[in-house]
1. Being open to solvent by 10 Å² or more (accessible area, probe 1.4 Å), at pLDDT below 95 and among the basic types (Lys, Arg) is the requirement here; does Lys189 meet it?
2. If you go through region 331-374, how many residues are in contact (Cβ under 8 Å) with a residue 60 or more places away in the chain and surrounded by 13 or more Cβ atoms within 10 Å (Cβ to Cβ)?
3. I'm told Ala358 meets every condition in (1) part of a helix (DSSP H, G or I); (2) under 24 Å from Pro312 (Cβ atoms) except one. Can you identify the failing condition by its number?
4. Tell me, please, whether a residue that is at pLDDT 95 or above, within 16 Å of ligand 2 (Cβ to nearest atom) and under 26 Å from Ile147 (Cα atoms) can be found in region 87-98.
5. Can you find a residue in region 330-342 that is under 23 Å from Ala278 (Cβ atoms) and in a helix (DSSP H, G or I)?
6. Out of region 208-244, which residues are within 16 Å of ligand 3 (Cβ to nearest atom), farther than 22 Å from Gln139 by Cα and of a type in the set (Ser, Thr, Tyr)?
7. When you check Gly91 against the structure, is it outside any helix (DSSP H, G or I) and within 16 Å of ligand 3 (Cβ to nearest atom), yes or no?
8. State which residue pairs qualify: first residue closer than 12 Å to Ala113 by Cβ and assigned to a helix (DSSP H, G or I) and inside region 143-166, second residue open to solvent by less than 10 Å² (accessible area, probe 1.4 Å) and within 16 Å of ligand 1 (Cβ to nearest atom) in any location, beta carbons under 6 Å apart, and separation of 6 or more residues or different chains.
Amino acid sequence: MNRKTVVMKFGGSSVANIDRIKNVANRVVAYKDKNTDIAVVVSALGDTTDELEALALQLSKNPAEREMDMLLSTGEQISCALLAIAVKELGVDAVSYTGRQVGIKTDKSHTKARIITIDGKRIQKAFKHNKVVIVAGYQGVNSEDDITTLGRGGSDLTAVALAKALNADVCEIYTDVDGIYTTDPRLVKEARKLKTITFDEMLEMASLGAQVMQARSIEVAKRFNIPLHVRSSFSKEKGTMIVKDNEKLEEIAVRGITCNKSEAKITICSVPDKPGIAAIIFGEVSKQGINVDTIVQNVPHDKLSDISFTVPKSDLTKAIKATQIIGKKIGAGEILEEKNIARVSMVGSGMRSHSGIAAKMFKTLADNHINIEMITTSEISVSCIIQQDLADKAVKALHKAFKMEKI
Ligand code: ADP
Ligand code: ASP
Ligand code: MG
C-alpha cells in the first residue's frame, strides 16, 4: 500500500483546555496507521496569544516587535508539547517541534514574517521512526536566528506551507465551526455551510475579514494548488473544500458576506491638490510597512482636498505618527482618526458576470438607514465602510436581502 502524508491543523479553540487537547489527541491517533504519516500543526491554547499581547501592552504602548515575537511564539510551544504528551499517552509515539526546529526560515519582518524555506528533513526523519510530528504553528526563525511570527492566524500558513514542503496528500484545517459558511455563523444563524469555495473567493473573504482562514495561507494554497478541507474538530462531518474551481460557480453571484471591525480610518484634511502629493503620502506610509486599504480623496475646493484611508487598527499609532510628519512636510491641515468603523463586504466569483450586486447592496443598507462612508470594489467583491455599531445589523440585512440561506 502507498504511504500517505497528512497535515492536520488545530486552531486555538480546538486546544483551548485539557479535555479539548485529549479530544485532538484522539482524533490524531484515530487517523494514524502504519501507512499514514501525520504532521499536526497547533495554535496556542484558546486566547493565549491575546492574553500574552495584553501583558506586553501593560508594560509598553509600543513594545519592540522582536520581543513580541519572542513572547507570542511561546503560546504555540506550550500547545505542541502538551499535545505530544497527550498523543504518547494514547500509545502512539509523537514528538513536538518549534518552527525553528523544523527549519521554517523566514524573512526579518517581525510580527508578519514571510516563510522563505522549510527544511522538511527533521520531520521526514521522525516519520521514518513512525512518529506523529507536532509542530508549533505561527512561527519561524530569521537569518539572525531570531524567532519570528507569521501574522495573526499564522498557524494556517504553517499548515499549508508544511503541506507543500512534505508533499502531503491531504491538508485538513480543524476549527470550532464545521466549515466555511455564507457568513459568520455565530452572527447569522441562517448562515449556510458551503460544500466548496474557490481559492479566489476564500482569499477575498479572508482578506475582507472572515476570520476562519488566514488570507496569506490561502494565497500559498492557491499558488501551489493545495486543496484544503476546513472542518470541525468536534464532529466527524465533512466540512468545506477550498479548491481551484467550483462546478456551480456560474450560477452564484454572491457566495459570502464578511465583516471586518479591525480597521481604523485616518483623514488628512486640507491637502494641497497638486501632482505627486498622494505618492508622497502613501510612499511614506508604506515605508513604515503599513498596509493601506480603501483610499478616498474628496473633490478639491480652493485647491485643497481631504484624503481618507483605512489601516489595520494594530498599525494605527505608527500610521498616525507617519501622517503627522508628512502632513507637516506638505503643508496639510488636521489629521483625524476614527476607530469606530467596520467594513462589510459581499464576495462571489459570479460577480464577474452578474451586474447589480453593488446597487442592491447600497439599497439594502439605505433601507436600513445605514450610512456608507467609503466604497471599494474588486472583480469579485464590493465593500462598504460604515459605522461599527451598525455592522451586525448590516450583515444580517444583506444576508436576508440576497436570500443567502438558500444559495
Ligand atoms: P481557530 O481558533 O480554529 O483558528 P478562528 O477563531 O481563527 O478559529 O476561526 C473560526 C471562527 O471564524 C469561527 O468561530 C467563526 O465565528 C468565524 N467566521 C467568520 N466568518 C466565517 C465564515 N464565513 N465561515 C465560518 N466561520 C467564520
Ligand atoms: N495563535 C496565533 C493567533 O492567535 C496564531 C493562530 O492561532 O493561528 O493569531
Ligand atoms: Mg484561526
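1. Here the answer is no, as Lys189 does not meet what is asked.
2. The qualifying residues number 21.
3. Unmet condition: (2).
4. yes
5. yes
6. Ser232, Ser233, Thr240
7. Spelling it out, it is not the case that Gly91 is outside any helix (DSSP H, G or I) and within 16 Å of ligand 3 (Cβ to nearest atom).
8. That search, which allows pairs on different chains as well, returns Leu157/Leu150; Leu157/Ser217; Thr158/Val41; Thr158/Gly137.
The values are calculated or read from the model by the stated rules, or taken from the named source; none is laboratory data. Note that the structure is predicted; figures quoted are calculated from it, not measured. Please note: Cβ atoms are built from the backbone with ideal geometry, for glycine as well, and neighbour counts cover all protein chains shown. Side chains are part of the model used for accessible areas, which takes the heavy atoms of the whole protein and leaves out ligands, DNA and RNA. Shrake-Rupley method; radii C 1.70, N 1.55, O 1.52, S 1.80 Å.
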